[in-house]
Every structure is written in structure tokens, then in C-alpha cells.
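Shown next, in C-alpha cells, is the structure this report addresses.
No lab work stands behind these numbers, since they all come straight from the coordinates. Only a predicted model underlies this, so the values are computations on that prediction, with no experimental measurement involved. All Cβ positions, glycine included, derive from the backbone under ideal geometry; neighbour counts span all protein chains shown.
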Amino acid sequence: MSKAVPEAATHEATLAIRDHCLCLHAQRAARTLVRRFDAAFRRLGLTSGQFSLLNALNRPEPPMMGAVAAVLAMDRTTLTAALKPLERRGLVRAEAGEDRRSRRVALSDAGRALLAAAVPVWREVHAEIDAEVEAAGGDLRRALGALSGGQGTSR
């Protein structure tokens, strides 16, 4: 004898969620985008996340860790872990901040050179994706910016 399934846990509810859940569709799209950019950056020995991190560090003055974490929407612990492989490769360097607890992170010359080589790759893949989004009739960037509270849409 089987127990009655709660109305919210029916297979029909599962199918409706699969077909309409914005979170699920955003996660799937994000994974697809990451795979595309990872494949493009592979020849440079970079991942899409590392490219984003190098780009976030590309400033006239070395930024504080907290500022970089905010741009990338990650916590400082995750940022510290993400920086370690780039530091080992000599692409970034950490510097003391105003006090002992704060740190600034800077691109090295090698990091700037790698970022310079990666930007044309990013532009090429990004143009392909923009064309696909435009063909689908949506303004994905504006919608995502609205959902994230405008994060990352300003200079």
C-alpha cells in the first residue's frame, strides 16, 4: 500500500518546475557559458573563472581583496582560494594593505600579458553568444542585471 503523494510533489509539478524555473534555467545557462569560455581559454591555460579574476584585477591601482570579491560576487575565502593558482603561476601578487589584516592584489606583468592575449578570445566567444541571444529576441544582459540588483552593469 503506497502513501499518498503530497500535491506539491507530483510528477506534474516536477515537469512544471523543469520547464519554468528561472533558477534552473539560469544554472543550466551558466554551466553552458562556462563550458564554452573554458574551452576557448584552454589554449591559454586559463579557465573562465580565472579570466574573470584577472579582469577584475586589471585596475590602475591594486584593489583591496574586498573590492574584488564584491565585483565577482564571491566571499573573501573563495577569492583567496581562487587566487592561489594564479599566484603560483606568477600572474598575480598580493601586497600588504593599509594595515596587517588588509591585502591588495595586483596583476604581474605576466598576468597583464596573459589577460591581453585572452581578451580577443573573450571578444570572439562573446560576440557569438551575443548573436545567439539577439536571435532569441531577448535582452539577457538587462534582465540578468535587473535580477542581480544591477551588479556588474556599471563601470
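For region 34-155, the alpha carbon positions stretch 51, 34, 24 Å along the principal axes, listed from largest to smallest. May I ask which residue of Val133, Asn55, Thr78 lies farthest towards the positive end of the charge dipole of region 10-137, with charges of +1 (Lys, Arg) and -1 (Asp, Glu) on Cβ and the Cα centre as origin? Most positive-ward Cα: Thr78. Entry note, the chain: the mean residue ellipticity at 222 nm calculated from DSSP H runs of n ≥ 4, each adding -39500 (n - 2.57), is -20000 deg cm²/dmol after division by the residues and rounding to the nearest 500. Using R0 = 35 Å, the C-beta based FRET efficiency linking His11 and Arg31 works out to 0.90. Electrostatic bookkeeping for Leu115 treats Lys and Arg as +1 and Asp and Glu as -1; over the other residues with beta carbon under 13 Å from its beta carbon, the sum is +3. In percent, rounded to a whole number, the relative contact order of the chain is 19, using alpha-carbon pairs under 8 Å and six or more apart. With a Förster radius of 41 Å applied to the C-beta separation of Val133 and Ala110, the computed FRET efficiency comes to 0.75.
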